[in-house]
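The values are calculated or read from the model by the stated rules, or taken from the named source; none is laboratory data. Computed from a predicted model, the values in this text were never measured in an experiment. Ideal geometry is used to build each Cβ from the backbone, glycine not excepted, and the neighbour counts take in all protein chains shown.
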Amino acid sequence: MKTALVVLLCVYLGLQAFRYVLDCLNLGYVRRRAHAAAPELAAVLGREFLDRMQLYLGETTRLGMIASGFSTLAAVVFLFGGILDTYNSWTASMNLPFVVSGWLFFILLYLAWELLTLPFTLYSIFHIEQKYGFNTMTCLVWLLDFLKGVVLSLLILTAVACGGLALVQASPGFWWFWVWCFFLAFTIFITYIAPYVIEPLFNTFTPVEDGSLKEAIIVLASTAGIKVSRVLKMDESKRSRHTNAYFTGVGRTKRIVLFDTLLETMTPDEVFAVLAHEIGHWKRHHLLKGLLLTSFVSLVFFFCASHALSGHLLDTLFAIRVATFPAKAVIAGFFAGMLSFLSAPVMNGFSRRLEREADRFSCAFGGNGEAMINALVKLSKDNLSNLYPHPLYALFHYSHPPVLERIAYIRAYCEKDRGRPGGTPS
């Protein structure tokens, strides 16, 4: 078993090293290509933007590599260095009921991880984001958000852990299916209540003040057959200068949310183009498709995990003296993390396909591909987005097509659509 453990450790460290290689490739690729913006973008994205983009990317990447190195070290020490066995034996020695013992096991792990990663979060927000003009949070706002986030996470983790462990205890041989059903139902429930319960905890939502813009947005949505209950503005400027817009909720809770920072920089046509893209996600049932895919993947994971957890392979491999369900679940999660990284190109490829479909819908439905392109350019400028990601890096990390690739795709689609009489959203 020691040989198998050493091989597993080498595989894990190899994957982590590959992550660092991707980061280095990405930085080098940007330096070689970001000498001048594409001609059609030069008027908006000039030399100053390219310089700031590279500096921002460099700092965020280096912090990410340091944080990833810390996570790798923590995982190696915890899993391969015997800390998991010690921690598991300690919680098991309390002789608590199965559900309570498992809940305590996961809660303490979560709190420890929050504390360990806190310095990286603070450095990112109050140094890097502050340096590049993105952060607008005061320390008090951050502290309140952090405390609310921790409390909310504890509540959700308590519900998930207790519900899942109770099902494991009630159905030892078939728990994987019932836990999968529970997680799926819980995800849908959170999606439904988020606009009313969760989102208002962190942001203030007010009706869009521009009546004509609000009415035009509602008409735009209704033309696509979507009944939107409210068009709201979110006070993102209280925390950040980043820009975005999104749909939220399901059923009667559907709402369009615009960042106040986005309304400051975009014209109405550009706002409509962005929203038409989001409408495309709804019309093409991308939320449902994504849910079906992730549900299938999670079902396979739970099925495989049930077989791995039923025997003593995992606890023997990692020298776990007390073979508890939570300890073996953590080990299964470790394997799932490695598999998730390896499957990222497939999952991201699926997501990028949906994004291109939503872009096509936006161009065909809104009839204004240039407005969508202008919106993408402004979003890139406002967020210092990387215009030149390495193709291999994008394969593993980009759920959206790179912006220049996306702009070229939209232009090609619009040119093709002009030659097609009576084009319809596709």
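Quick notes on this structure:
- Val100 being surrounded by fewer than 17 Cβ atoms within 10 Å (Cβ to Cβ), without any contact (Cβ under 8 Å) to a residue 40 or more places away in the chain and among the hydrophobic types (A, V, I, L, M, F, W, C): yes
- The single condition among (1) at pLDDT 95 or above; (2) of a type in the set (Gly, Ala, Ser); (3) farther than 28 Å from Leu339 by Cα that Ala38 does not satisfy is (1).
- Evaluation of Leu109 against the conditions (1) farther than 20 Å from His242 by Cα; (2) in contact with a strand residue (DSSP E or B) (Cβ under 6 Å, 6 or more places away or on another chain) shows that the sole unmet condition is (2).
- The criterion of at least 3 residues that are closer than 30 Å to Thr138 by Cβ and touching a Lys or Arg at 6+ places or on another chain (Cβ under 8 Å) is met, among helices (runs of 4 or more DSSP H) falling completely within the stretch 30-123, by 47-75.
- Residue check, Phe301 modelled with pLDDT of 90 or more, surrounded by fewer than 18 Cβ atoms within 10 Å (Cβ to Cβ), among the aromatic types (Phe, Trp, Tyr) and touching a helix residue (DSSP H, G or I) at 6+ places or on another chain (Cβ under 7 Å): no
- Any pair with Cβ under 6 angstrom, 6 or more apart, that starts in the stretch 110-132 at a residue that is farther than 13 Å from Ser153 by Cβ and ends at one that is outside any helix (DSSP H, G or I): Ile125/Asn135; Glu129/Asn135
- Test: residue in the stretch 145-157 that is in a helix (DSSP H, G or I), among the β-branched types (Val, Ile, Thr), surrounded by 13 or more Cβ atoms within 10 Å (Cβ to Cβ) and without any contact (Cβ under 8 Å) to a residue 24 or more places away in the chain: no
- Looking only at the stretch 213-236, residues that are surrounded by fewer than 16 Cβ atoms within 10 Å (Cβ to Cβ) and closer than 18 Å to Glu199 by Cα come to 2 in all.
- Candidate set: the stretch 161-202, residues that are hydroxyl-bearing (Ser, Thr, Tyr) and either in contact (Cβ under 8 Å) with a residue 40 or more places away in the chain or in a helix (DSSP H, G or I) (or both); chosen: the one nearest to Leu232 (Cα to Cα): Tyr196
- The number of residues in the stretch 215-243 that are touching a residue at least 40 places away in the same chain (Cβ under 8 Å), outside any strand (DSSP E or B) and closer than 25 Å to Asn135 by Cα comes to 6.
- Exactly one residue out of Phe396, Phe361, Phe365 is aromatic (Phe, Trp, Tyr) and at pLDDT 90 or above: that is Phe396.
- From Ala245, Ala276, residue being touching a Gly at 6+ places or on another chain (Cβ under 9 Å), within 23 Å of Val403 (Cα to Cα) and of a type in the set (A, V, I, L, M): Ala276
- Selection within the stretch 309-323 - aliphatic (A, V, I, L, M), surrounded by 15 or more Cβ atoms within 10 Å (Cβ to Cβ) and under 16 Å from Thr91 (Cβ atoms): Ile320, Ala323
- Residues being surrounded by fewer than 16 Cβ atoms within 10 Å (Cβ to Cβ) and either of a type in the set (A, V, I, L, M, F, W, C) or touching a residue at least 12 places away in the same chain (Cβ under 8 Å) (or both) - total across the stretch 270-288: 2
- Residue check for Phe396: surrounded by fewer than 20 Cβ atoms within 10 Å (Cβ to Cβ), part of a helix (DSSP H, G or I) and touching a Leu at 6+ places or on another chain (Cβ under 9 Å): yes
- Identity of the residue in the stretch 246-278, modelled with pLDDT under 75 and part of a strand (DSSP E or B), that ends up nearest to Ala375 (Cα to Cα): Tyr246
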